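Report on the following structure.
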Amino acid sequence: MDCADFLIVGGGVAGLSAGARLARHGRVIVLEAEAALGFHSSGRSATFSHFGIGNRIVRALTAHSRQYFLAAGERLCRRSTALFVATEEMIPALEALRGDMAPFTDSVTPAEPPQLQALFPPLRTGGDAIVAGLFYPDGLRLDSDAMLQRFARDIRQAGGEVLTGRRVSGVGSTDGGWTVRSEAGESWQAPVLINAAGAWADAVAAAAGVRPLRLNPLRRTIIVVDPPAGADVREWPFVKTAVDDFYILPESGRLMASPVDEVESDPCDAQPEEYDVALAAWKVERYTTLSVARIAHRWAGLRTFTADRSPAIGYARDASGFFWLAGQGGFGLQTAPAAAEAAEALVTRSAWPQALADSGIAPADLAPERLFAT
């Protein structure tokens, strides 16, 4: 049996970023079921950090995490413009979005269709198409693989382990804390078990005899299409409708688009459904002048939410040493550094960082027990 101070189930960005922080306090072992890190969610994200999604807590975590990304520079991110756009019927939502973003950035300004179209030439404007928008120049395009590998490297350099292909078959409480067994018969033990298993986090809790949070995995579809012939799309912005209906952004010389679908799903290796792929293509033609003659690539991923769409970070009250790190939804990458800092303070029962407090985040905002209050 291999022993550690902190045992983390889940090798996505949540578990790895927390492990990198906790490696300063003791030995960390991360167990990932798949052969690759971030296989189900972190590696299937749009990788764009902005203030146009989430609630107050998500935006506060995003704001605090920006400091980490900007300090890392081009190793992890590059600056990129974002446009939030609206049809006539979406204008109230656009105005509400601007108000929600205002406490976290002063860089958002109104933009008229000519400016929007100058930045994203295929945008369909006028009539029943886009009539208004917001210009945000300080978005960040994140490198998800570089993030995952950096956090994993920090853990290993501190003497910990990041193990892939270790699917959990059993979880048990012992005098020494928690024991986790793999399907291959390996076992690990630690006084603290951190449940960062994403869509499988409730299943891990159930195996441990811990009350589940009733997490909600939702499938999202993404397609990649060709740009206009001869167009250099590298500097085109991320474009998202004011309501959750559509987004599009450059990706390796092509354009990546999503219908922002949220289809309830069991925890699984999510695959794109034909209807959702067709819906994504239709929305590309609905909001842009592009004609989708072919789909170069398609995939789906799971985004797992709590009931109030804020992450759950904290110890379970019904099981000593069992720590929740779950419910990062579609914002796990852009909030990972702040969430990891919060997890570090809560796991080690150290003082709440003033930087998190200054960002408007309190332990109670993240406490898993809040989800049982109703």
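Every number here is computed from the coordinates shown, using simple stated rules; none is lab data. Quantities reported herein were computed from a predicted structural model and do not represent experimental measurements. Cβ sites come from the backbone with ideal geometry, for glycine too, and all protein chains shown count toward neighbours.
Once the Cβ-Cβ distance of residue 96 and residue 262 is raised to the sixth power relative to R0 = 22 Å, the FRET efficiency obtained is 0.70. Calculated translational diffusion coefficient of the stretch 203-252 (25 °C, 0.890 mPa s; Stokes-Einstein with Kirkwood radius over alpha-carbon pairs) equals 164 µm²/s. Distance from a point 7 Å along Cα→Cβ of residue 273 to each backbone N in the stretch 330-365: keep the residues under 20 Å and list them by number. Hits in the stretch 330-365 for residue 273 at 20 Å: 330.
Mean sequence separation of contacting Cα pairs (under 8 Å, at least six apart), scaled by the length of the stretch 183-310, corresponds to a relative contact order of 32 percent. When you filter the trypsin sites (Lys or Arg not before Pro) in the stretch 117-223 for DSSP loop state and at most 15 other Cβ atoms inside 10 Å of their Cβ, you are left with 167, 214. Rounded to whole numbers, the Karplus 3J(HN,Hα) couplings from phi for the stretch 170-178 are x, 9, x, 8, 10, 4, x, x, 10 Hz, using 6.51 cos²θ - 1.76 cosθ + 1.60 with θ = phi - 60°, and x at Gly and Pro. In whole angstrom, note down how far apart the Cα centers of the stretch 83-103 and the stretch 275-339 are. Cα centres, the stretch 83-103 to the stretch 275-339: 21 Å.
Across the stretch 1-113, Cα pairs under 8 Å and at least six residues apart give a relative contact order of 19 percent. Computing FRET efficiency as 1/(1 + (r/R0)^6) for residue 364 and residue 187, where r is the C-beta to C-beta distance and R0 is 45 Å, gives about 0.80. The Rg/Rh ratio for the stretch 28-181, using Cα coordinates for both the radius of gyration and the Kirkwood hydrodynamic radius, is 1.12. Computed from the C-beta positions of residue 107 and residue 355 and an R0 of 25 Å, the FRET efficiency is 0.75 to the nearest 0.05. Annotation note: GluC sites (Glu not before Pro) in the stretch 148-210 located in DSSP loop regions with a Cβ neighbour count of at most 15 within 10 Å are 183, 186. In the chain, Cα pairs under 8 Å separated by at least six residues give a relative contact order of 24 percent. Computed over the stretch 68-137, the range of Cα coordinates on each principal axis works out to 43, 28, 14 Å, biggest value leading. The alpha carbons of the stretch 126-169 occupy a box of 59, 29, 11 Å along the principal axes, longest dimension given first.
Annotation for residue 289 and residue 78: the two label points, set 7 Å from Cα along the Cα-Cβ direction, are 2.6 nm apart.
Rg/Rh for the stretch 149-284 stands at 1.11; both radii use Cα atoms, and Rh follows the Kirkwood definition. Starting from the Kirkwood Rh over alpha-carbon pairs, what translational D in µm² s⁻¹ does the stretch 305-353 have by Stokes-Einstein at 4 °C and 1.567 mPa s? The calculation lands on 114 µm²/s. A Gaussian network model of the chain, with springs between Cα atoms under 10 Å, assigns the largest mean-square fluctuation among 293, 190, 280 to 293. On the principal axes of its alpha-carbon atoms, the stretch 167-247 has extents of 64, 28, 19 Å, going from largest to smallest.
The convex hull of the Cα atoms of the stretch 219-325, projected and averaged over all directions, covers 9.1 nm².
Rounded to the nearest Hz, the phi-derived 3J(HN,Hα) couplings of the stretch 269-276 under the Karplus curve 6.51 cos²θ - 1.76 cosθ + 1.60 (θ = phi - 60°) are 7, 4, 10, x, 8, 4, 4, 5, where x marks glycine and proline. Highest GNM mean-square fluctuation among 80, 310, 350, for the chain modelled with Cα contacts below 10 Å: 350.
In terms of overall dimensions, the stretch 270-374 has a Cα radius of gyration and Dmax of 19.3, 57 angstrom. Taking the empirical scaling 2.2 N^0.38 Å for compact globular proteins as reference, the chain has a Cα radius of gyration ratio of 1.00. For the pair residue 156 and residue 24 in one chain, pulling the backbone fully straight at 0.36 nm per residue adds 46.4 nm over the alpha carbon distance.
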